[in-house]
Each structure stands twice: as C-alpha cells, then as structure tokens.
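Have a look at the structure below, then the notes.
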Amino acid sequence: MINLTINNVPVCVKEGSTILEAARSIGIKIPTLCHMKELSELGACRVCVVEVKGMRSLVAACEYPVYEGMQVYTTTQRVLNARKITLELILSDHRKDCLSCERNTNCELQKLAYKYGCDANKFAGETRNFVYDDSTDYLVRDNSKCILCRRCIAVCKKAQGVGVIGANERGFKTHVACAFDMKLVNTPCVGCGQCITVCPTGALKEKEEIVRVQEALANPDKYVVVGTAPSVRAALGENFDQPLGTNVQGKINTALRYLGFKKVFDVNCTADFTIMEEANELIERLQGNGKLPMFTSCCPGWVSHAEKNYPELLPNLSTCKSPQQMFGALVKGLFAKKNGIDPHDIFVVSVMPCTAKKHEKKRTITDGMPDIDAVLTTRELARLIQENGILLNELPDGETDSPFGEYTGAGIIFGATGGVMEAALRTAASVLEPNAPYTKLEFDEVRGLDGVKEAVYRIAGKDIKIAVVNGLKNVKAVCDKVKAGESDYRFIEVMTCPGGCVMGGGQPIKATFVKHKNEVAQKRASVLYKADKAMYNRRSHKNGSVLDAYANCLGAPCGKEAHRLLHTSYSAKPAYVKES
Amino acid sequence: MKGSNLPFQGTVEQERQLRDKLAELKPQGGALMPALQYAQELYGYLPYEVQKIIAEELNVTLSDVYGVATFYSQFSLFPKGKYQIGICLGTACYVNGSGEIYDKLRNILGIESGECTLDRMFSLDATRCVGCCGMAPVMTVNGDVYGKVKADDVEGILSKYSAKESKNNG
C-alpha cells in the first residue's frame with residue numbers, strides 16, 4: 001500500500017493506483033475529458049492536471065501513478081489556470097454552435113467550460129480542416145466539434161475489436177477519421193454506435209430521421225404505425241430525469257399516441273415471432289437439417305460483421321429476420337391485408353436502442369416494399385417527445401394496440417445479453433419436451449455481463465452446449481474456434497454492444513455512464529428481467545397474437561409463408577471498398 | 001480518399017518480398033515501424049494496396065497502419081516522379097519570392113507538395129534550406145540546381161524536361 005496526501009488529506013491506496021483513483025477514493029473529483037477506465041488512459045486532454053510537490057511541471061492525474069510520501073494538490077491557482085487555458089485552447093478550434101447542438105446541456109466540454117469560467121473566444125486563429133462524414137445510414141461524424149480525446153478510437157478498437165477509426169497525421173493536422181480518410185461506409189464499421197455514446201461532445205451522432213417521421217405523421221395519406229424495442233422502455237426515462245432503471249413503457253405508449261401514430265405496437269411481440277422461428281430453426285438444425293452451431297441473427301451489427309469478416313460462417317447464421325424486420329413484414333403483410341389497407345400506404349416506424357438498425361431497415365424488402373420505413377433511436381424519440389411539448393412524466397400509462405401489442409416475458413428480455421438465448425431455450429425446451437411436467441424457465445447461466453458465457457443444458461435427453469457473446473471483440477475467439485471445427489457449441493447468441501441492446505449506441509447518453517458502464521447495464525437490464533418476471537406468459541409460443549397469426553395466416557413455423565415473410569439471406573461483403 | 005490515385009504498379013515479386021519480410025518481423029514486438037520502412041524502401045511510397053498487406057500480415061487494423069504512416073514524415077503516400085522537383089521555402093528563398101514559384105509549380109503541375117503527377121513524370125516537394133542562400137530563390141530538379149528563379153522562369157524550366165521526354169519517346 002502507498003501513503004500519500006491529496007490536498008493535505010492522508011490517503012492510502014494500492015500500489016500502481018493513479019492519482020485520479022486515489023483522489024476518487026477519498027471523495028475528491030478531478031475533471032477528465034479523455035479518460036475511460038481500462039479503455040483509454042493516455043492523458044491526451046490535459047484537463048486532469050494536478051500539482052505534485054517537488055515536481056517542475058503539472059502531471060496528468062489519470063495516468064500518473066502514486067508513490068510513497070507524494071503530496072498532491074488538485075485545486076491550486078496554477079492548476080486551475082492551466083485547466084482553464086487548456087479548455088480555452090480546445091474551444092478555439094471547436095465549432096461553437098452550442099445553442100442548437102444536439103448535446104447542448106449534455107456536453108462534457110460545455111460543462112467544464114462553464115465550471116472554469118472559460119472565454120470561448122479568447123484564442124481566435126486558424127482552424128483545422130475538418131472531416132465531415134455522413135456517408136452511412138446511421139452515423140454522422142462532424143470533426144468541427146471533435147476535441148481529439150480519442151475515446152471513440154478506443155471503444156471501436158478495444159471494446160468492439162473493429163478499429164475502423166484512428167488518429168491520422170500529426171500536430172495541428174491531427175484528426176480522427178478512417179484510414180486514408182475513407183468514408184465510413186466503405187470500411188468494416190458495423191454501425192454499433194458505441195463511439196457516439198462515449199463522445200464527450202457533439203462530434204458524433206446518429207443520422208436523424210425525426211423529420212421523415214414528422215412528415216409521414218403529417219401526411220393524411222399515410223397510415224403510420226410504430227413499435228418500440230424492449231430496451232427503449234428501460235432507458236428513455238433517463239432523458240426525462242427519471243432514475244436509472246425506470247420502466248416507462250406505459251408512458252411511451254401514451255406519448256406515441258399523442259404524437260399521432262395510428263397504431264402503437266410493440267417489437268416485443270415480434271421478438272416472440274422471432275423466437276417461434278428461431279427455436280424451430282434450431283430444432284431443425286439439431287435434427288440434421290442445416291449447419292451447427294447456429295448463430296443468432298437479431299443483431300444487425302453482428303450480421304454486418306459476419307458478412308464482412310466471416311463469410312465461411314454465413315451458413316451458420318439463423319435465417320430469421322430480426323424482430324424489427326419481422327415487425328415491418330408482419331404489419332405490411334398480415335395487418336394491412338386483414339384491415340383492408342394498401343400496404344404501400346403504411347409507414348412503419350421502429351424505435352430502437354440501436355444505430356445499426358438504421359442500416360438494417362434497408363436490408364430486407366418484402367413484395368417490393370422495405371419492411372421498415374424509418375428507425376428512431378431512443379434519443380431521437382426523447383427529442384421528438386420534447387419538441388412536441390409532451391410532458392412524459394405527467395402522462396398516464398397507456399396500452400399497446402392489437403394485434404402486435406401483445407407480448408410475453410420472453411420477448412421483453414431480448415434487450416439484455418443472453419436474453420435471446422434464454423427466450424429461445426424456453427420455447428425449444430417446451431417444444432422438444434412437450435410432456436415434461438416442468439420445463440426450465442430461467443436460465444441464469446446466460447445472464448450477466450461476462451463477455452463470453454457458456455452453459456450446457458440437457459434437453460430431451462441431449463446435451464446442448466451454448467455460448468452467449470456480448471461486446472464484438474469477444475466474438476473473434478468463438479468464431480475462430482467454430483471455423484477451425486474445434487467447437488462443440490450448438491447455439492451461439494451474439495450481441496455487438498457490451499451488455500446487449502440495453503447498452504446500444506442509440507440509448508441516452510450521460511457523462512457519468514462512461515465511468516459506470518456496468519452499473520448502467522445492470523440497472524437497465526433489471527427493468528427487463530423484472531417485467532419478464534411479472535408476466536403470466538413467459539414463453540413466446542404462449543403469445544395469443546402469435547398463435548393466431550400462425551393458425552390463420554402463416555401456417556407452421558419455418559413453413560413456406562413464414563419463410564417468405566420472416567426469413568432472409570446473407571452474402572459475403574468486402575471489409576474495405578477502395579474509393580476512386 | 002487521401003493518398004495517390006495513380007494505378008498501383010507493384011509486382012508479384014515485390015509482394016512476395018514484402019510478405020516474407022512481414023513474416024520475419026511479425027514475431028518481434030513493434031513490427032509496424034520496420035515494416036513500413038521496408039515497404040517505403042521497396043515501393044518508394046505506401047499506397048493503399050501495400051498498407052492493406054501490412055495490416056493483414058501483422059494482424060493490426062488498417063487505421064493503425066495509416067495512422068503511423070501519416071505521423072512520420074519519412075513515409076510518403078505518393079510515389080516520386082521521374083523528375084523530382086524541390087522548391088526551397090527556407091527563410092532566404094521565401095523572402096526572395098519562392099512562395100510565388102511554389103504556387104506556380106502547384107498550378108502548372110496540378111499537385112501539392114509531396115504528390116506526383118498522373119504520368120509519374122514530376123513530383124513536388126517544398127523543402128527547407130538547401131544550402132545556397134546566395135542564389136535564392138532556389139529550385140532543384142533531380143541534381144540540377146536553378147538559382148535566382150523568377151515565377152516566369154518556371155514554365156521554361158519544366159519544358160526542358162518535358163521536351164527531353166518527348167525526344168526519348170519520339
């Protein structure tokens with residue numbers, strides 16, 4: 001243990017601790033901009049500088065290790081001045097459209113500038129030549145607001161194992177971009193949006209579709225329906241000052257009705273459809289029809305990653321569309337017919353915790369129509385609600401509409417890592433053991449935040465080994481094993497984002513989330529597990545709407561009509577496309 | 001996309017040499033710098049195709065390769081031309097008008113400093129002092145040194161080399 005003092009207060013911490021950690025342990029906060037525990041500790045921003053007695057220059061608290069007898073001062077005049085000037089220099093090269101910036105009042109740079117009384121226009125001079133990239137369907141990079149903290153680079157490379165952005169050139173010309181300043185659309189980016197969630201400013205954001213949705217809502221010829229993904233209800237409240245882990249589904253339903261959506265459905269319901277198809281597909285594969293192990297296909301980031309990096313594994317991907325795409329196909333395919341509406345007049349909006357879903361919406365086209373017309377992130381829905389003057393917290397709880405508003409507990413847990421696996425196992429176990437007096441309902445081994453979870457379940461006299469992966473960097477080891485023929489897995493769930501969809505790239509952003517990622521993930525996931533537990537029906541094949549649709553329209557799960565509407569195919573794609 | 005848009009002319013033999021070298025370097029830590037130095041030497045520049053091979057063989061991301069390649073001035077994304085033009089932007093040359101000459105060169109050749117023309121004939125580099133300030137402003141083409149150059153002289157100097165080429169071809 002090491003003894004030191006911080007602002008004359010004695011502290012005792014483990015050897016190897018940084019000054020930042022030592023200060024935090026006694027309740028002293030040192031400001032940071034670039035720091036992300038374990039992911040990015042490079043002292044790039046210099047906002048965390050502190051004074052150490054006997055040292056000539058200030059040191060970066062986030063990376064400087066403590067030593068015996070060290071005397072640290074975190075708020076001397078010299079420190080405060082240095083931080084202020086550093087912030088003013090950052091601001092000198094920052095496009096200050098704060099009033100209308102999407103991150104206004106939720107910007108780490110803005111907060112520090114206020115705290116230190118910075119003059120944003122103190123240093124006027126040459127500005128950098130900024131990269132602006134809106135080449136993808138899901139993300140906009142505006143480097144005029146980039147402060148070069150490199151958090152996006154760290155999360156892309158270290159948490160996701162994708163690594164499509166880096167710091168290019170040097171000195172004044174340094175900028176964050178893809179190799180050769182290529183457009184993001186031509187790289188192996190999977191669209192997870194984790195970079196957005198760690199950006200301290202407004203340099204990264206989703207590609208907005210709010211206006212398109214508003215136009216559709218205002219068009220009397222359009223029949224606009226909406227469905228929200230499980231994870232949205234677990235997080236939207238955070239943007240309305242609700243505590244972490246508040247379920248606001250009832251209020252979301254009311255708000256969506258206020259906004260003018262004709263039908264308020266729930267993607268939980270189509271998650272149940274996904275399970276009907278996926279569990280039956282798994283059973284077919286286990287019986288020798290198709291390749292094993294089967295990978296889940298609900299996560300568009302993972303699907304895109306597989307197409308670009310693991311073409312040989314594409315036959316192992318479940319052919320089921322994701323709940324989002326099934327939602328669109330079912331609304332335009334079944335609901336429209338049943339209600340005598342021309343499916344071309346229907347505009348399907350999904351609300352997702354995810355940015356990759358914006359790209360996925362164009363993936364599948366049924367009968368010449370895209371399944372989904374617009375995708376809003378949780379953050380965009382929050383803005384839409386706010387812009388329309390709807391006071392979410394004061395709304396009464398509302399119900400969802402029939403037929404795609406009914407759901408089971410299995411559909412709800414889709415948003416947490418392990419949730420799709422658990423939901424599929426619930427149905428697979430029941431189908432394979434129809435006469436068993438008790439079939440397993442809670443599969444605790446697949447829950448939790450470990451990057452790779454494994455378990456073996458004995459179902460119908462057979463051992464079935466499964467794996468659950470979250471955080472895309474963890475997928476490599478599993479895929480390599482499968483490729484080499486060394487795995488005995490039968491079923492593998494992959495979610496791109498660490499923690500699953502509840503931690504998706506479209507979820508609300510708070511500065512403190514960067515430091516408490518696991519806590520945020522647990523609290524959001526607990527909303528889903530609590531809601532699941534409160535349900536009477538917790539198996540997808542008990543969903544009345546689902547059973548009705550199969551009995552009257554779809555036929556058997558994985559049958560011909562089900563395949564036409566609810567399944568898709570994949571094709572290998574190049575990781576990089578050279579630009580001319 | 002940044003970098004040279006000249007067609008890549010690397011040979012199978014060069015690629016074999018590069019891959020052999022990378023296999024040799026890979027087990028050592030910090031293989032990226034020596035790999036880039038070797039490739040720069042081998043090809044004369046570091047185009048997309050070469051950086052892709054390096055990323056693939058060393059199992060690092062293309063972003064990492066490109067980041068290092070653009071950080072150090074010893075690496076170039078552009079090949080050198082048959083005639084390498086240097087224009088000194090050192091103090092003495094600059095106050096004697098080399099900035100104007102540099103602009104003229106960029107205009108005529110249609111390239112920036114560090115780049116190469118499409119026919120791979122001329123490449124341009126803005127340099128520091130070349131050591132003959134008495135002749136400022138100074139421009140060099142391969143080994144030839146031109147002193148007290150005026151902006152109006154530039155076309156004449158370049159045409160000497162173009163003419164030599166058309167004579168060779170004719």
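One line per residue, one yes/no per condition, for (1) among the hydroxyl-bearing types (Ser, Thr, Tyr); (2) under 21 Å from A:Ala410 (Cα atoms); (3) at pLDDT below 95:
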{"position": "A:Gly237", "(1), (2), (3)": "no, no, no"}
{"position": "A:Gly260", "(1), (2), (3)": "no, no, no"}
{"position": "A:Glu277", "(1), (2), (3)": "no, yes, no"}
{"position": "A:Gly288", "(1), (2), (3)": "no, no, yes"}
{"position": "A:Ala306", "(1), (2), (3)": "no, no, no"}
{"position": "A:Ser318", "(1), (2), (3)": "yes, yes, no"}
Tell me, yes or no, whether segment B:140-147 has at least one residue that is charged (D, E, K, R) and either in contact (Cβ under 8 Å) with a residue 40 or more places away in the chain or on the phi > 0 side of the Ramachandran plot (or both). no
Is it the case that some residue within segment B:56-73 is under 20 Å from B:Leu118 (Cα atoms) and under 15 Å from the mean Cα position of the chain (by Cα)? no
Looking at segment A:380-399, which of its residues are under 19 Å from A:Val267 (Cα atoms), buried (at least 17 other Cβ atoms within 10 Å of the Cβ) and more than 24 Å from the chain's Cα centre (by Cα)? A:Gly398
I'd like to check something: does segment B:17-29 contain any residue that is within 28 Å of B:Gly110 (Cβ to Cβ), without any contact (Cβ under 8 Å) to a residue 24 or more places away in the chain and more than 14 Å from chain A (Cβ to nearest Cβ)? no
Confirm whether B:Lys52 is within 14 Å of chain A (Cβ to nearest Cβ), in contact (Cβ under 8 Å) with a residue 40 or more places away in the chain and surrounded by fewer than 21 Cβ atoms within 10 Å (Cβ to Cβ). no
Would you please list the contacts, defined by Cβ atoms under 7 Å and residues six or more apart or on different chains, that run from a residue in segment A:534-551 that is in the same structural domain as A:Ala423 (by TED's automatic domain parsing) and farther than 18 Å from A:Val431 by Cα to a residue that is buried (at least 20 other Cβ atoms within 10 Å of the Cβ) and among the hydroxyl-bearing types (Ser, Thr, Tyr)? A:Met535/A:Thr408
Output yes when any residue across segment B:35-48 is more than 12 Å from chain A (Cβ to nearest Cβ), under 22 Å from B:Val12 (Cα atoms), surrounded by 17 or more Cβ atoms within 10 Å (Cβ to Cβ) and charged (D, E, K, R), and no when none is. no
Considering segment A:42-62 alone, what residues qualify as being in contact with a Leu (Cβ under 7 Å, 6 or more places away or on another chain) and within 10 Å of A:Leu20 (Cα to Cα)? A:Cys48, A:Val49, A:Val50, A:Ala61, A:Cys62
Subset of segment A:115-136 [β-branched (Val, Ile, Thr) and surrounded by 13 or more Cβ atoms within 10 Å (Cβ to Cβ)]: A:Val131, A:Thr136
Within segment A:103-134, which residues are assigned to a loop (DSSP other than H, G, I, E, B), within 21 Å of A:Val198 (Cβ to Cβ) and of a type outside the set (A, V, I, L, M)? A:Arg103, A:Asn104, A:Thr105, A:Asn106, A:Cys107, A:Phe130, A:Asp134
Pairs only if they're at least six apart or on different chains, beta carbon under 8 angstrom, first in segment A:179-200 and acidic (Asp, Glu), second surrounded by fewer than 24 Cβ atoms within 10 Å (Cβ to Cβ); list them, first residue then second. A:Asp181/A:Val131; A:Asp181/A:Asn168; A:Asp181/B:Met1; A:Asp181/B:Lys2
Counted residues in segment A:407-438 being outside any helix (DSSP H, G or I), buried (at least 19 other Cβ atoms within 10 Å of the Cβ) and modelled with pLDDT under 95 come to 0
Restricted to segment B:71-93, and to residues that are among the aliphatic types (A, V, I, L, M) and in contact with a strand residue (DSSP E or B) (Cβ under 9 Å, 6 or more places away or on another chain), which residue is farthest from the other protein chains (Cβ to nearest Cβ)? B:Ile85
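Please list, ordered by residue number, the strands (runs of 3 or more DSSP E) wholly in segment A:137-199 having 1 or more residues that are over 22 Å from the mean Cα position of the chain (by Cα), crowded, with 21+ Cβ neighbours inside 10 Å and within 9 Å of chain B (Cβ to nearest Cβ).
Once the strands (runs of 3 or more DSSP E) in segment A:137-199 are filtered for at least 1 residues that are over 22 Å from the mean Cα position of the chain (by Cα), crowded, with 21+ Cβ neighbours inside 10 Å and within 9 Å of chain B (Cβ to nearest Cβ), what remains is A:166-168.
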Give all pairs with beta carbons closer than 7 Å in which a residue from segment B:58-70 that is at positive phi and at the interface with chain A (Cβ under 7 Å from one of its Cβ atoms) meets a residue that is part of a helix (DSSP H, G or I) and hydrophobic (A, V, I, L, M, F, W, C); count only pairs at least 6 apart in sequence or on separate chains. none
Name the single residue, out of those in segment B:10-35 being closer than 19 Å to B:Tyr72 by Cβ, assigned to a helix (DSSP H, G or I) and not charged (D, E, K, R), that is farthest from the chain's Cα centre (by Cα). B:Leu25
State whether the residues of segment A:486-494 include one that is assigned to a loop (DSSP other than H, G, I, E, B), surrounded by fewer than 17 Cβ atoms within 10 Å (Cβ to Cβ) and either at positive phi or of a type in the set (Asp, Glu) (or both). yes
Please determine whether any residue of segment A:508-515 is modelled with pLDDT under 95, touching a strand residue (DSSP E or B) at 6+ places or on another chain (Cβ under 7 Å), closer than 19 Å to A:Val198 by Cα and in the same structural domain as A:Leu317 (by TED's automatic domain parsing). yes
Would you call B:Leu6 away from chain A (no Cβ under 11 Å), under 25 Å from A:Asn186 (Cα atoms) and touching a Pro at 6+ places or on another chain (Cβ under 7 Å)? yes
Looking at segment A:481-502, is at least one residue without any contact (Cβ under 8 Å) to a residue 40 or more places away in the chain and either under 28 Å from the mean Cα position of the chain (by Cα) or under 30 Å from B:Val50 (Cβ atoms) (or both)? yes
So if I check each of A:Ala531, A:Ala551, A:Ala521, A:Ala477, which one is part of a helix (DSSP H, G or I) and within 16 Å of the chain's Cα centre (by Cα)? A:Ala521
Looking at segment B:127-138, can you tell me whether even one residue there is touching a Leu at 6+ places or on another chain (Cβ under 8 Å), of a type in the set (A, V, I, L, M), surrounded by 16 or more Cβ atoms within 10 Å (Cβ to Cβ) and away from chain A (no Cβ under 14 Å)? no
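The values are calculated or read from the model by the stated rules, or taken from the named source; none is laboratory data. What you see is a predicted model, and the numbers here were worked out from it, not measured in a lab. Here Cβ is always computed from backbone atoms with ideal geometry, including for glycine, and neighbour counts include all displayed protein chains.
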